[in-house]
Amino acid sequence: METRYYPKPHRVTLDQQIYRMSCQHPGFKVKAYLRQRAVTWVGRIRPTPMSDEYTTAIELTVGYRPKVRILEPVLRIRDGASCLPHYYTESGTLCLHEAYEWSSLLNVADCIVPWASLWLYFYEVWFITGSWEGGGTHPDKPEHKAT
Amino acid sequence: MFAICGNITLSVNGGVVVDNGRILLGSRQSQLDDLLARICEELQLAPSRYDQAVARYQAVCRWLEGEGSIVASYEPTIYPQGSMRIGTTVRPLEREEHDLDFVCEFQVPACQMESPLDLLKHVVQRLREHKGYREQLEVKNRCVRLNYANEFHMDILPACPDPESGLDCIVVPDRQSRTWKPSNPRGYASWFEDRCAITISVEFSQRKMAADAEPIPAQEASEEKASLKHVVQLLKRWRDIYYQKHSDEAPISMVLTTLAAQYFRGHESVSQSMTAILSGIEAAIKVSAPGRIYVFNPANPDEDLSERWDDPEHYAAFVEGITHLCSVWEQLIASPALQKSVDILEALVGEPTKEAFKKQARDFQAARNASVLKSVSAGAISATVGNPIRQNTFHGN
């Protein structure tokens, strides 16, 4: 009988991540690279045509979830709200996904960049309307509410 | 209204496209058009209210032609006129009630009536016989108004056919002058609908080219007709806000509607239509200076709809308003920062702006939940290529 062989999925190496980013999002440039340890890209995201353009830093350290920071323009808290929705205030990073939704088998270019773009779109709508339409956890928090 | 169907592509550098060729947010213009269409939907009479209005006017009609009615022998027919007829209703600024205009046409020639006022008198008399209508009734100069609290005002304009003047012509009694006044609401509506249906030949050929590349569904036709109606709604709303403190100087709806229809060039896009119409009006103002522009009723070329502009102050107020609107509109089209666009839209049409952004985001989110969002590389907006975006849940904090 024929033995079926299933290859074990391999984690995406940093070099592969960098290559995929350069193909998918050439506007994103590598700003820092610690060989086999960590990489930081900086590029610009305009989530929809009417949106503003955001200079975005994506930091990937082997073994950790990617961190996304918006460098410019500075994200603003709308009047009446106490903080930004789905945002880690302490580290200044976006909360893009639940722990299980990211793994080292995934590509930053295919997941993190579009997730950041989605986040920015919903942030803009939230800033204009006060309503977070992007769903997510902790929907009972005032700044996460859709009205 | 753009519906989300098929796959949607989210681009890093702006642009969201559906894969069957119907662009949702593919360019700044189509995103703005989508917002404007949603704003207009907020402004117009809601479908449930529309049905309610239809039910109410049918009830009035039944009462007028019912047994024992003094006007029953005249065989009245009631039909909508004005914005209700042509689909350009706009919710008033500070109250809930829409104004809805109906014509109650009697099948008896005007010449057989002793006095124009008899007609109005008979209608009022018959409505007073009804317990409910008696309390809602208000007699105006040319019409009878029924007030439905928190719903709408129904203005019923009694009229007689005037076949000598033309097919759909009618005459209506005027209480102040005690005479008949000519009118032709059906003729006006069909002129307006004809204007809605025009298309630019250049635009058409461009669309045909696009159609070769990406299939365009058949519904497109109704959307392209709607752009003039949307512009009329936006102009009326702008008028209500701009002239809020000087409402006597506000241009009347029929003047705005006629001007918009005259300078409409058949663009499918609401924003392009608005740009073309505004520059048309602005050019007409320049050409007419130092005199004023005249807006004649296309269904009755003898009627100057803009007769109020004989008063130079009224005309100056109109020119000032249009000039202001043109400059603000130009800024909106010139791709300002998002906050600036929001501020301009809010100044133009008020609170429906936020609701429009919210609803656009809601459709976007629905597409995301349906796993049809795709991502493409920076700048390149394509309807067919792109990588599906994995599901994610915004988390934390």
Whether region B:124-195 is rounded, prolate or oblate, judged on the alpha carbon gyration tensor where a/c under 1.5 counts as rounded: oblate
Residues in region B:91-109, backbone N under 19 Å from the label point at residue B:151 (7 Å along the Cα-to-beta-carbon vector): list them, ranges by number please. B:91-92, B:95-104
In this structure, the FRET efficiency calculated for residue A:145 and residue B:391 from their beta-carbon separation, with R0 = 30 Å, to the nearest 0.05, is 0.90
7 Å from Cα along Cα→Cβ at both residue A:22 and residue B:118: what's the point-to-point distance in nm? 9.4
At the level of C-alpha centres, the distance separating region A:1-49 and region B:291-315, in angstrom, is 67
With a 1.4 angstrom probe the carbon and sulfur portion of accessible area for the protein assembly as shown, in percent, totals 51
Estimated FRET transfer efficiency when R0 is 22 angstrom, pair residue B:327-residue B:252 (beta carbons, to 0.05): 0.40
Starting from 0.36 nm per residue, how many nanometres of slack lie between residue B:141 and residue B:335 once their C-alpha separation is accounted for? 65.1 nm
Compute the Cα gyration tensor for region B:77-147, then decide on rounded, prolate or oblate, letting a ≥ b ≥ c be the square roots of its eigenvalues: rounded whenever a/c is under 1.5, prolate when a/b is larger than b/c in the other cases, and oblate in all that remain. oblate
Shielded by partner chains, region B:323-366 residues - at least 40 Å² of accessible area, 1.4 Å probe, vs chain alone: B:338, B:339, B:354, B:357, B:358, B:361, B:362, B:364, B:365
Probe 1.4 Å, protein heavy atoms only: B and A together bury a total accessible area in Å², to the nearest 100, of 4000
Could you work out the mean count of beta carbons from other protein chains within 10 Å of each residue's beta carbon in A:21-31? 2
Whole-number accessible area per residue in Å² for region B:271-380, which is evaluated in the context of all protein chains at 1.4 Å: 44
Note the full-extension length gain between residue B:241 and residue B:313 as 0.36 nm times their separation in residues minus their Cα-Cα distance, in nm to one decimal. 24.0 nm
In peptide A:38-47, what is the residue-averaged number of other protein chain Cβ atoms found within 10 Å of each Cβ? 3
How large is the accessible surface per residue of region A:1-111, computed with a 1.4 Å probe and reported in Å² as a whole number? 60
Global geometry of the protein assembly as shown, whether rounded, prolate or oblate, following the gyration tensor of its Cα atoms and the 1.5 cut on a/c: prolate
Between residue B:107 and residue A:37, what is the label-to-label distance in nm when each label sits 7 Å out along the Cα-to-Cβ direction? 9.4
Within a 10 angstrom radius of each residue's Cβ in A:121-131, how many Cβ atoms of other chains show up on average? Whole number is fine. 6
Points 7 angstrom from Cα along the Cβ direction at residue B:304 and residue B:179: gap in nanometres? 1.6
For residue B:294, tell me the accessible area in Å² from a 1.4 Å probe, rounded to the nearest 10. 130
Distance from a point 7 Å along Cα→Cβ of residue A:13 to each backbone N in region A:20-56: keep the residues under 14 Å and list them by number. A:20, A:35-38
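The values are calculated or read from the model by the stated rules, or taken from the named source; none is laboratory data. What you see is a predicted model; the values in this text were computed from it and never measured. Note that we place each Cβ from the backbone using ideal geometry, even for glycine, and neighbour counts take in every protein chain shown. Ligands, DNA and RNA are excluded from the accessible area calculation, which covers all protein heavy atoms including side chains. Shrake-Rupley method; radii C 1.70, N 1.55, O 1.52, S 1.80 Å.
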